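The values are calculated or read from the model by the stated rules, or taken from the named source; none is laboratory data. Please read these numbers as outputs of a predicted model, since none were measured by experiment. No Cβ is skipped: glycine too gets one built from the backbone with ideal geometry, and neighbour counts run over all protein chains shown.
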Amino acid sequence: MAFQKAIKGTRFNAIENSTSVITIKQVSQKDKKVLVGCDFSVTFIPEDSEDNGNYYKYARFNKNNNNYTWEIRDLSGFSNEKLAWMMGYYDGIWNGLRDEYLKLKNNNPQKKHSFILYYEAINNLYDRLK
């Protein structure tokens, strides 16, 4: 309901509530194709975690019960180390990472989630630079 109010008067006209993200989309009225979309995920990283912050919690939507729960997901420390190394080595890291991500996203027959494509983009760029 809040997202519906928030997108009123914008180009976005569709909302999808999936398991771990809320997606807003601009859908063509003519052919029903998605023109642009944006995912939002509600996350929380505990500061005083006994695991030294090696996980985060995310809001997970349970479609059967129509409610949200906090679920735990491990942080990908290895990808974070790779990204930190590349940031110190490569001035154009964000442009390179964006380009690699878009290449993977535009060739995604398995319909992988965005965060998986992001990690793959980090790994691919790291392998090329290393």
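Give me the pairs: first residue in region 12-27 and assigned by TED's automatic domain parsing to the domain that holds Asn67, second residue assigned to a loop (DSSP other than H, G, I, E, B) and at pLDDT 85 or above, beta-carbon distance under 7 Å, and six or more apart or on different chains, which are they?
Pairs found: none.
Just need a number here: residues in region 13-30 that are over 19 Å from Phe61 (Cβ atoms) and of a type in the set (A, V, I, L, M, F, W, C).
Residues meeting the conditions: 1.
Restricting attention to region 111-128, which residues are assigned to a helix (DSSP H, G or I) and not aromatic (Phe, Trp, Tyr)?
Filtering region 111-128 down to residues assigned to a helix (DSSP H, G or I) leaves 114-128.
Of everything in region 111-128, those that are assigned to a helix (DSSP H, G or I) and not aromatic (Phe, Trp, Tyr) turn out to be Ser114, Ile116, Leu117, Glu120, Ala121, Ile122, Asn123, Asn124, Leu125, Asp127, Arg128.
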